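Only the coordinates and a few stated rules stand behind these numbers; no lab work does. All values reported here derive from a predicted model rather than from experimental measurement. Ideal geometry is used to build each Cβ from the backbone, glycine not excepted, and the neighbour counts take in all protein chains shown.
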2 protein chains.
Amino acid sequence: MVKTISVTGHTSLDYLIWVDKIVDKNQSSPITRCETHFGGGAANVSAVMAKLGGSVRLVSPVGDDFVSSEYEKHLSDLGVDLSGVWRMGNEHLSKAFVITDRLLNQSTYFYWGAAGKLREMEPPKVDFVHMVTADCFFNAKMSKAAEFVSFDPGQDLVTYQKEPLQTILKNTNLLFTNRHEIKMVSDISGYSFEELLKMIDVIVVTYDKEGSVLYSGGNVICVGDDIRIGDCTEKIKTPIPCVLAESVDPTGAGDAYKAGFLVAFTKGYPLDVCCKIGAVTASFVVEKVGCQTNLPDWKTMTERYVLHFPASDLNL
Amino acid sequence: MVKTISVTGHTSLDYLIWVDKIVDKNQSSPITRCETHFGGGAANVSAVMAKLGGSVRLVSPVGDDFVSSEYEKHLSDLGVDLSGVWRMGNEHLSKAFVITDRLLNQSTYFYWGAAGKLREMEPPKVDFVHMVTADCFFNAKMSKAAEFVSFDPGQDLVTYQKEPLQTILKNTNLLFTNRHEIKMVSDISGYSFEELLKMIDVIVVTYDKEGSVLYSGGNVICVGDDIRIGDCTEKIKTPIPCVLAESVDPTGAGDAYKAGFLVAFTKGYPLDVCCKIGAVTASFVVEKVGCQTNLPDWKTMTERYVLHFPASDLNL
């Protein structure tokens, strides 16, 4: 029943910069703390999935600094299959510079680097893809090359165009968005939320500390290596509570949620349990700075799961 | 007549980030270009001096990434003496994040990293020090431990306190500032410019593209290994023109000017020629992005010198 999920999108270095104040033009401010972390949506999801014991292949363009920064070693040690990584000479990893002031305001600058080449890449044929934000044209091609499509439009959604987004949505089986993105998906694609509900098997909308909402009719069906969602005529709305944690840094919570969901999904858990496992997984990642710093293995995740949800959920 | 100059201050990694726009709080912007360069005032001056054939020793705290970033190899290849470098375990190099928008506005964030330990360091006894900005308390101690003191208060001047600055100025033989810093030096120290002129043998004030002004009475005197400035009762003001170049990036021009000046100074050139050699050296560095990217050797510098100034200047 183990199914390999190919995860596409960014592999980035995150520069987390804490400052006295976010300054205006032609001003400067001292940095009080400065850390570099492994990041990028696709790599974050892959790392969390691998640590949970999921079978995951990263499909992402990287630059020379993938090796020199020891990012390659980090993912390889976690068990992520790197055979789908495109290694670009004379390119650099994408980078995010996140500047946070004392009041936790943030300014973010993002550099695409090697990920800027995604648009030109030919997507591999895969059984199951999870597409984490990034280029809409690549994702449109990718969504056609995969048998089962999970999609997280994420922060690059602001760059999406109507036609490729429509193509992606028509091929999407699982859609993950936050409360803001779901509106933007409708605005850009021209599809109402009701139309999206009809087109897409499962939609999960996250609401930060207010938890998440699962819209689904069918349930997970696993037959041998095949995994799909049962047919349904109408979607049911199921609220899933957030698992509160000692949050130090919310970055990466969304990626961890999807990673937990997807590993549970490939194990054949009911969709609401997949969401809860996602919520539990996310609660670990927010406890430390960095998106790949505090990753639970499956056992550690289940130990926290049973503190918040019925233990019987986990018996398949 | 070759005298080793110890150069103290920052050894940094510069992250040069070009963006569509410098954003306000809780906004983000894409990065159009992103480069990492070797920087930090002390290391910049050392690199330029070494390339010009000067004898230079870097005295600066560095972190683990001094080696992993290949900064060590870069300086060592140039011929900089690294025996004075303090290697701090569990620390990182200082870092500058310079964000530049399409209209060339800049926001700068500076992380002290290992350089934050300067204040605790015991300065070595040296013949000739060039102190490039950084911590005022360390520089006050350093100025007492050196026989000959050259001082560039630079961007950290905003953090300087009256008493250590007074100590530094009392021990300074050569003072380099720009038009803004000379006012700030007076404001913080309480010494008028006239008092500074009486206290300090040579003051050089730079005015960007309008050139620089040398205030000096005596001249360079070299006797064996000893080098000093001749006594004088009154300072003469000598304007030095800027050497215009195809400027791509002005960062590092000031450090290059001082490096050119200092190498010429140790060779015993008259002070006005030292300034001109500084101006010629700076004209190379601004032609490429990065403070240590486009460094002339002595011969290359002299070839450009004679296009702007009398060749006879260079005959000692």
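For the pair segment B:148-193 and segment B:253-306, the centres of their Cα atoms are 23 angstrom apart. The residues packed around B:Thr238, meaning those with a beta-carbon under 15 Å from its beta-carbon, carry a net charge of -2 if Lys and Arg are +1 and Asp and Glu are -1. Counting Lys and Arg as +1 and Asp and Glu as -1 over every other residue whose Cβ lies under 12 Å from the Cβ of A:Asp187, the net charge comes to +1. Against chain A, whose longest principal axis is taken from its Cα atoms, helix A:298-308 shows a tilt of about 70°. Gyration tensor over the Cα atoms of segment A:153-246: the corresponding equivalent ellipsoid has semi-axes (square roots of 5 times the eigenvalues, largest first) of 21, 20, 12 Å. Charged neighbours of B:Phe38, selected by a Cβ distance under 15 Å, balance to -4 (K, R count +1; D, E count -1). Once C-alpha pairs closer than 8 Å and six or more residues apart are averaged by separation and normalised to the residue number of segment B:1-149, the relative contact order reads 29 percent. Across the protein assembly as shown, the volume of the C-alpha convex hull divided among the residues equals 153 Å³ per residue.
When chain A is treated as a GNM with alpha-carbon contacts under 10 Å, the residue of A:Thr238, A:Thr108, A:Thr11 showing the greatest mean-square fluctuation is A:Thr108.
Note that segment A:232-288 shows a convex hull volume over its alpha carbon atoms of 76 Å³ per residue.
Among the aspartates and glutamates, which have Cα under 15 Å from the Cα of A:Lys276 when same-chain residues fewer than 8 positions away are ignored? Within the straight-line cut-off, A:Lys276 pairs with A:Asp208, A:Glu210, A:Asp255, A:Glu303, A:Asp313.
Compared with the dominant Cα axis of chain A, that is its longest principal axis, helix A:136-145 is turned about 30°.
Where does segment A:268-316 land on Rg(C-alpha)/(2.2 N^0.38 Å)? In units of the 2.2 N^0.38 Å rule of thumb, it is 1.14. Taking the longest Cα principal axis of chain B as reference, the axis of helix B:271-285 is set at about 20 degrees.
Kindly flag which residue pairs out of A:Lys73/B:Lys95; B:Lys144/B:Lys267; B:Lys117/B:Lys141; A:Lys125/A:Lys235; A:Lys117/B:Lys21; B:Lys170/B:Lys198 have an alpha-carbon separation exceeding 18 Å in this structure. Long pairs (Cα-Cα over 18 Å): A:Lys73/B:Lys95; B:Lys144/B:Lys267; A:Lys125/A:Lys235; A:Lys117/B:Lys21.
Using C-alpha pairs below 8 Å separated by at least 6 residues, the relative contact order for segment A:176-230 is 28 percent.
Which whole-number percentage describes the relative contact order of chain A, with Cα contacts under 8 Å and a sequence gap of 6 or more?
Value for chain A: 16 percent.
The order of B:Ile221, B:Ile227, going from fewest to most other C-beta atoms within 10 Å of their C-beta, is B:Ile221, B:Ile227. Dividing the alpha-carbon radius of gyration of chain B by the rule-of-thumb value 2.2 N^0.38 Å gives 0.96. Expressed as a fraction of 2.2 N^0.38 Å, the C-alpha radius of gyration for segment B:96-173 is 1.27. Gaussian network model of chain B, Cα springs within a sub-10 Å range: biggest mean-square fluctuation belongs to which of B:Gln106, B:Gln292, B:Gln27? Per the Cα network of chain B with a 10 Å cutoff, B:Gln27 tops the list.
Sorted from longest to shortest, the spans of the Cα atoms of segment A:171-316 along the three principal axes equal 38, 36, 24 Å. Relative to its residue count, segment A:1-126 spans a Cα convex hull of 132 Å³ per residue.
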